[in-house]
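This report refers to the structure that appears directly beneath it.
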Amino acid sequence: MSKKSPAVLFLAGCLAFMACQAQASVVIVGSRIIYPAQAQEKSLQLSNRSDHPSLVQAWVDRGNEESSPQTADAPFIVTPPVFRIEGHTGQAVRLRFTGEKLPEDRESLFFLNVLEIPPTKADQEGRSLFVVMPRHRLKVFYRPATIAQSLERLPALLELRLSREGNDWLININNPSGYYATFVEANLLAGSQSAPLQLQNSLPPFSSATWRVARSALAGQPDTVQLRLVTDAGGSLEKRIALKP
């Protein structure tokens with residue numbers, strides 16, 4: 001059996017400790033938040049699955065993954081901003097919009113951060129430890145009253161066109177709506193054949209993108225795109241959309 005150097009053993013120990021510490025105990029009910037313009041506030045439920053209490057801090061940012069409660073400048077107040085959840089109990093968190101002027105013809109996207117600060121065991125006090133604090137980020141969609149209909153009507157609004165460039169098929173997708181289109185997956189279809197499309201997670205309102213796939217991936221002429229989009233409830237909606245030339 002080969003011997004590992006002290007440095008390798010130390011690194012392995014650090015990684016194991018980080019993996020253990022990074023395992024979140026606090027879970028969030030739901031995967032996204034829809035905030036209608038007419039709402040007074042929105043509530044979110046958190047629960048602690050562990051046997052130990054956890055300290056939690058929450059704030060909303062405009063898309064900066066490096067944000068902190070001190071730098072966050074999104075127009076939302078989180079109540080309570082810091083709280084303790086005992087083991088196997090829950091806590092409701094409320095979001096309230098502060099009234100900043102936002103576009104009225106489209107959704108505005110923000111992010112709710114939920115930072116879990118794990119407890120320190122008695123035998124760890126006074127020691128220098130590298131603790132990884134689990135952090136959740138949920139999308140918060142502020143939805144003006146002008147587009148108050150359900151997101152399920154979005155697939156009917158998307159426009160897809162097919163073209164060729166060299167050895168690739170190009171699929172241009174246009175989102176003429178005020179919704180964010182969030183995709184789970186997309187496949188290009190030619191009869192019974194399909195090829196996965198490499199796509200970004202979401203398409204903002206009134207924007208377009210181009211998806212590319214090698215022509216060799218399909219034997220025939222593509223005619224349809226199969227999409228799975230995220231719904232308001234966090235589930236998925238599957239839709240087949242015919243391609244336009």
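Data overview
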read-out	value
Extension gain (nm, one decimal) between GLN70 and ILE241, 0.36 nm per residue minus Cα-Cα	57.1 nm
FRET efficiency for ARG161 and GLU86, using Cβ-Cβ distance with R0 set to 51 Å, rounded to 0.05	0.40
Sparsely packed chymotrypsin sites (Phe, Trp or Tyr not before Pro) within segment 163-233, loop by DSSP, other Cβ within 10 Å at most 14	PHE206
Net lengthening on full extension, SER150/ALA190 (0.36 nm per residue, minus Cα-Cα)	11.4 nm
Compactness relative to 2.2 N^0.38 Å, alpha carbon Rg of segment 151-242	1.04
All aspartates and glutamates inside 19 Å of LYS239 as judged from Cα atoms, apart from same-chain residues fewer than 8 positions distant	GLU152, GLU159, GLU185, ASP223
FRET efficiency, 1/(1 + (r/R0)^6) with R0 35 Å, evaluated for LEU55 and THR98 via beta carbons	0.90
Where GluC sites (Glu not before Pro) fall in DSSP loop in segment 66-119, at most 13 other Cβ within 10 Å	GLU66, GLU86, GLU100, GLU104
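Just so you know, all these numbers are worked out from the coordinates, no wet-lab data involved. Since we're looking at a predicted model, the values are computed, not measured. Note that each Cβ is placed from the backbone with ideal geometry, even for glycine, and that neighbours are counted across all protein chains shown.
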